[in-house]
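Here's the structure, in structure tokens; my notes come after.
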Amino acid sequence: MKRSPAAVFNALEILEVFVHGQEFSAAELRKRLGFPLATIYRVLHALEAMGYLRKSARTSRYCLGLRLLQFASIAAEKMHIVEISRETLLRLREETNETIHLGVLDGVDLVFVQTLEGSQPVRFVSRTGSRAPCYCVSSGKAILAFGGGETVAEVSRAGFTCFTERAIASEEELRRELDRTRRRGYAVSIDERIKGVSGVSAPVFGRNGEVVAAVGISGPTARFTKERIPLLAEAAQRSAKEVSRAMGLELGMGAA
């Protein structure tokens, strides 16, 4: 259903009132915000129906619902993973001497939420907070391969940009690559986003077995030889499993 900007603004304004956990009646919200009572009721009913607010049958007052708790849990988990993965990523950088990433999906983009530059004179330089289309970097492909298929459809609808001649250019090609990634257990990107830069990545799983991030190793393509890629992939997988265990994943679930 299409919503006007004003309706969205009204809903967010009402949610902001509940930020400290209090309960409010419709009349109290009207007094606090100055919205027409009809608007208050319309927004409250919609937010209650979607689980963002909960109405007390005893007092008819509203409080925050469990749906918002779900969003808060997801956001907290993404922040938490940066903290708990740092020591593991530092060890991985020391082991490989290459640039190390922790990446998460944001829509159809891969966002590097933590980046540790390699120690070699010639290295891949990236910055925490930078992003790239998920289909052309190894961390993005690792998450796509072990996550839900709906994101692949979103990527296809957004379209493919061929940054180099080796870039993935279609949904069919992407799905074949993701099949290979699942069989291997790790993702590889050779000259796809930037010519001369390659990477390998392994998925990180959350406590319920869902993929939440990827640990990646990036560097000059000249150092990502056929002989070295499996060794780097093994190191990435080992680190990703370590982070997964720290996230609370039980043995025997997705990252086994």
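Here, each number is a calculation from the coordinates, and none is a lab measurement. Everything numeric in this text was worked out from a predicted model, so none of it was measured. Reconstructed Cβ throughout: ideal geometry from the backbone, glycine too, with neighbour counts over all protein chains shown.
For this structure, a couple of remarks:
- Distant-in-sequence amide contacts of Ala213, defined by a placed amide H-H separation under 5 Å and a gap of 5 or more residues or a different chain, comprise Val204.
- Given charges at Cβ of Lys, Arg, Asp, Glu: the chain dipole, positive-most of His45, Ala214, Val137: His45
- Signed unit charges on C-beta, dipole axis of the chain, positive-most listed residue Ala169, Ser239, Thr59: Thr59
- Rounded to the nearest 20 debye, the dipole size of the range 5-64 about its Cα centre is 200 debye, using +1 on the Cβ of Lys and Arg and -1 on the Cβ of Asp and Glu.
- Top of Gly103, Gly199, Gly21 by mean-square fluctuation, Gaussian network on the chain, Cα under 10 Å: Gly21
- Local electrostatic count at Cys162 - Lys and Arg +1, Asp and Glu -1, tallied over other residues with Cβ under 15 Å: -4
- Sequence-separation-based contact order of the range 76-246, relative, with Cα cut under 8 Å and 6+ spacing, percent: 23 percent
- Dipole magnitude for the chain: about 520 debye, using +1 per Lys or Arg Cβ and -1 per Asp or Glu Cβ, origin at the Cα centre.
- Dipole magnitude of the range 75-129, debye to nearest 20 (Cβ charges: Lys/Arg +1, Asp/Glu -1, about Cα centre): 120 debye
- Relative contact order (%) - the range 5-64, alpha-carbon pairs under 8 angstrom, separation at least six: 35 percent
- Note on the chain: with a GNM built from Cα contacts shorter than 10 Å, the maximum mean-square fluctuation among Glu154, Glu98, Glu117 falls on Glu154.
- Panel order for Lys195, Lys241, Lys141, by other beta carbons found within 10 Å of each beta carbon, from fewest to most: Lys195, Lys241, Lys141.
- Look at His80, His45 and count the other Cβ atoms within 10 Å of each Cβ; fewest to most, that gives His45, His80.
- Protection-proxy order for peptides 11-20, 206-215, each taking the mean of Cβ atoms within 10 Å per residue, highest first: 206-215, 11-20
- Computed Kirkwood radius, in angstrom, where 1/r is averaged over Cα pairs of the chain: 20.3 Å
- For Met247, Met50, the sequence from fewest to most other C-beta atoms within 10 Å is Met50, Met247.
- Karplus (6.51, -1.76, 1.60) ³J(HN,Hα), θ = phi - 60°, over the range 46-54, in Hz, Gly and Pro reported as x: 5, 5, 5, 4, 8, x, 7, 10, 10
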